[in-house]
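Structure record follows, encoded as C-alpha cells.
No value in this document is a laboratory result; all are computed from the given coordinates. Note that the structure is predicted; figures quoted are calculated from it, not measured. Heads up, the Cβs are rebuilt from the backbone with ideal geometry, glycines too, and the neighbour counts pull from every protein chain shown.
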Amino acid sequence: MTGKEVYKKWTPTGKRWVDWVRPVPFIGIDSPYQVHEFIDDSIPKIFYVNNLSKDTAIIIDIEGVDSIKEGIALAHLGYRPIPIFNGTNPSIGVSSTTNNAMIEPLLVWGALELEKIVLEEDAPPVFLLDRNRLNRYKIDPSIFDNSWDIYPQDIPSPDYFLQNGITKIVVRGNQLSRDLKKVLYPYQKKNIKILFTNGYEEAREIKIKKIKEKEL
Amino acid sequence: MKLVSIPNYEEYRVDAIFDCYKWDPQFLDHNTLAKYALVITEKESKELAELTEMLDSETRCAEEFLNRHLDLAKRLEIPKKISCELKRMKEYDPKRHIRLMRYDFHPTVDEKWVISEVNSDVPGGFAEASLLPKLAIRYLSKSRKSYDSIDFGDILAKTIAKKIKRNGTIMFVHCTSYSDDRQVMQYIGDKMESLGFHSLYGAADHVRFENREAMSILDGNQGKIDCIVRFTPLEWLKEIKPKTWAGYFDTTTPSCNHPIAIFAQTKRFPLIWDLLEQHGISLETWRKLLPDTIEVKNLKGKDGYIYKPAWGRVGEKISIPEACSEGEYQTILKDVRRHPKRYLAQKKFLSKPLKSPDGKLFHVCLGSYSVDGNHAGFYARISEKNRIDSDAADIPVLIERNKKDDRKRSL
C-alpha cells in the first residue's frame, strides 16, 4: 500500500474526527527510509476501558508503536483511532533524537486491521501520541532534533468536543506530559473532566494546574 | 477576481497532502485548504506583478542604503541581539545572494489594492504557490475556462541554481521540530535535488562558519555548504542562540535570505520612510499601497487605526476588534499599553470580500513573490474574518487566460 492508500484507510471520507489525523508519518511511508526491526503485531488487552463510552475521548501517550496497537484494540471496542504523530524523519544516514520510523510500518498494519472493523458514525475518538516525541537530548550537536510537542491546534477545540457529546478525556500514559498539560488545561476550564490512567488501573479524575510559559 | 469551486474536493485534499506537500491540512477546528480556487484575470496578474517589482525595487534600495547608514535604522527598534551584529553586513553583495520576498495584497471596497506587509525574511507557502494551482487546474479540467498558473518553485530553484556551483550542497535551515516548516523546506529541497543539487535538512546550529564560509556539522554530512536556504526567522535565531549564529550576517556563502532582510521585516519599516526619502530613496509605490502607519504614541486624536506587532506573523496580535477571539482584543490593548514600541498603529482598510459559488463571503490576502527583483508568482489565503491569520485557508491562484490569446495560440 502507498502512503496515500494507508492514509485513506485511517481517514474514511466524511467521518467525524478524521480531519485531525496528521499526515506526516503517512508521507514517510513512501520514502526510502527502511525499517529492519521485527514488528510484533499482537493486539494488546485493554484494562482501563471495559466498554464504549460515547461521552469519552481517549488520548494514548505511550511509545508510538504501542500507541497504535492500543488504538486498534480500542477500535475493536468502538473508538475511532486518530493518529496525531507529527515528527519528521532525518535524511538517510543522519542520527536523530527520536526514532519515528517504526511508526510507519505500524500504521500500515493498523490500516489493514481497520479494514476488518466497522465503526459507528458517532464513534468517540482515541488520539494516538508517541511519548518519544519529547526525547530532546542530543548526545552531540550534529544530531538532528526531530522531537516535537503537541499544541492546542493539533486536536479539536473544547467547544468542538462538547458539541459532539464529549465531556470526559482519559489520558493513558506513564505520566501526564508537560505539553499535554498545557493543551488540556483549557478543556478542564470548559468543564471537560480530565482523567488519567497508567494503563492498568481505572482512570481517575485529575486537576491540572495552570502552567506558566517559563515552565515549558 | 473570483472564487471557483473545486470539484471532488475530498480527493483534491488528499492529493494536496501527498502530491503538494500540504502536511498541515487542519488547524484546531479549521480546514486549512480552501474548497475553492482564486481566479484572477491576466490584467490583474500583470498589474500585481508590476506593483510587486516596483515595491521590490524600492525595498531593496532602502535596505541596501540602511546597511550603509545603520544609524538611520535605530528607529526600527531591531532587538539588540540582532542590531549589534548588523555591522557585520557591510560587505553584503546582493549579486551573491538570493533575495526572496512576498508582498501581501488585499482588494478593498473602493476597488483598489492595498498591501498589509512584506514578508521580507522568511516567506513561506512555497508548494502552495507552485504545485497546488497545477493540481486545481487538473481538477477543473472539465471546466470550459482556460486556466494557467505561475510556478514559483521553478523560478526560485532556477535562481538558486544560477548562483551556486553545479551539484553543490544546499543546507535548508529550519526549526526541525516543526513539520510545517519541514514541508516548505522539503518541497524546495526535492526540487533542487531534481536539478542535481544535494539537499541537507538541518537546524540553525548545524551550520558553522569558517573564514566566512558556511560548513555543515550535520551528522554524516560534515563539510562545506554551497548555499543556505533559511526558514528560521532571524528573531527566533536570536532566541535559539546557536554559538556561531553571527556568522549568518557576514557569510560569503550564497544565502536565501541574507539577514539584510531584517530591515523590511519589522513592521516599523514605514516609520523611517521620511528619513529615507530625505536621502533620495523613493518609496512612492509603498506610500501608494500601504495604509498610513504611525508610532503608537502619535495616535492620540486619530480614529480608524489598528495596532500591529512589529514582529508579528500570520496575523497574530493584530487588533481588528471584529476578528479577535474572546478576550483577545483586550489582551492586545493591554500589551500595547505595556510595550508601545513593540507595536505600530496603522489605518484600517476595508477589505472587499469575495462571494463563493455557494454564497459565503471570504476575505482575501494575495501574496505576490519577488525573487531577485522579478515577480515570481502568487500565494493566497482566504478567511471569513477580515484578518488573515492561522484560521485562514490556503487557496491556489489561477490566472484565467483571455479567449483572444487562446485564438492567437491556435492560429
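What value, in deg cm²/dmol to 500, does the helix sum -39500 (n - 2.57) over DSSP H runs of n ≥ 4 give at 222 nm once divided by the residues of chain B?
Mean residue ellipticity at 222 nm (helix-derived): -9000 deg cm²/dmol.
Have a look at A:Pro12, A:Tyr160, A:Ser142 and report the one farthest towards the positive end of the charge dipole of chain A, computed about the Cα centre with Cβ charges (Lys/Arg +1, Asp/Glu -1).
Checked the options; the winner is A:Tyr160.
Taking the Cα centre of chain A as origin, work out the dipole magnitude from +1 charges on Lys and Arg Cβ and -1 charges on Asp and Glu Cβ, in debye rounded to 20.
Dipole size: approximately 940 debye.
Compute the Rg to Rh ratio over region B:237-371 from the alpha carbon atoms, using the Kirkwood formula for Rh, and round to two decimal places.
Across region B:237-371, the Cα-based Rg/Rh ratio is 1.02.
Looking only at B:Ser177, B:Ser83, B:Ser356, which one moves most when chain B is put into a Gaussian network model with springs between Cα atoms under 10 Å?
The residue with the greatest mean-square fluctuation here is B:Ser177.
At each listed q (0.06, 0.10 Å⁻¹), what is the log10 of I(q)/I(0) that the Debye formula gives for the protein assembly as shown modelled as equal alpha-carbon point scatterers?
For the protein assembly as shown at q = 0.06, 0.10 Å⁻¹, log10 I(q)/I(0) is -0.34, -0.98.
Amide H neighbours of B:Ser149 under 5 Å, counting only residues 5+ apart in sequence or on other chains, H built in-plane at 1.01 Å?
B:Ile399
Identify the residues of region B:191-218 with backbone N under 20 Å of a label point that sits 7 angstrom from the Cα of A:Ile92 along the Cα-to-Cβ direction, or state none.
B:191-202, B:218
Mind checking B:24-36 for the average number of partner chain beta-carbons within 10 Å of each residue's beta-carbon?
4
Return, ordered by residue number, the residues of region B:233-252 whose backbone nitrogen is under 15 Å from a label point located 7 Å along Cα→Cβ of B:Cys84.
Within reach of a label on B:Cys84, which here means backbone N under 15 Å from a point 7 Å along Cα→Cβ, region B:233-252 contributes B:238-247.
Take the cross-link list B:Lys238/B:Lys308; B:Lys35/B:Lys352; A:Lys210/B:Lys267; B:Lys142/B:Lys360; B:Lys22/B:Lys334 and give me the ones stretching past 29 Å between alpha-carbons.
A:Lys210/B:Lys267; B:Lys22/B:Lys334
Any idea which of B:Gly153, B:Gly301, B:Asn221 is furthest toward the positive side of the dipole for chain B, if Lys and Arg beta-carbons carry +1 and Asp and Glu beta-carbons -1?
B:Gly301
Give the residue list of chymotrypsin sites (Phe, Trp or Tyr not before Pro) in region B:76-107 that are DSSP loop and have at most 14 other beta-carbon atoms within 10 angstrom.
Sites meeting the loop and neighbour criteria: none at all.
Quickly rank B:274-287, B:243-256, A:160-173 as a protection proxy: mean count of other C-beta atoms within 10 Å, highest first.
The peptides rank, most packed first, as B:243-256, A:160-173, B:274-287.
Inside 10 Å of the C-beta atoms of A:78-91, what's the mean count of C-beta atoms belonging to other chains?
3
How high is the FRET efficiency from B:Leu275 to B:Lys238, r the C-beta distance, R0 25 Å, rounded to 0.05?
Approximately 0.50, to the nearest 0.05.
Sort B:388-396, A:102-110 for me by packing, meaning the mean count of neighbouring Cβ atoms within 10 Å per residue, highest on top.
Output ranking for B:388-396, A:102-110: B:388-396, A:102-110.
Take B:Cys61, B:Cys84 and order them by how many other Cβ atoms sit within 10 Å, fewest up front.
Neighbour counts put them in this order, fewest first: B:Cys84, B:Cys61.
Inside 10 Å of the C-beta atoms of B:172-180, what's the mean count of C-beta atoms belonging to other chains?
Whole-number average of other-chain Cβ neighbours for B:172-180 is 5.
Taking region B:292-347 on its own, what percent of its Cα-Cα pair distances exceed 13 Å?
56 percent
Can you order the peptides B:163-174, B:230-241 by their average number of other Cβ atoms within 10 Å per residue, highest first?
So the peptides B:163-174, B:230-241, ranked by packing, come out B:163-174, B:230-241.
For the protein assembly as shown, with only Lys/Arg (+1) and Asp/Glu (-1) charged at the beta-carbon, what is the dipole magnitude about the Cα centre, in debye rounded to 20?
1580 debye
Cut-off under 17 Å on the C-alpha distance; same-chain residues fewer than 8 positions from A:Lys45 excluded. Which lysines are left, in chain and number order?
A:Lys69
According to the square roots a ≥ b ≥ c of the eigenvalues of the Cα gyration tensor, what is the shape class of region B:207-315, taking rounded for a/c under 1.5, prolate for a/b larger than b/c otherwise, and oblate for the remainder?
It comes out prolate by the Cα gyration axes.
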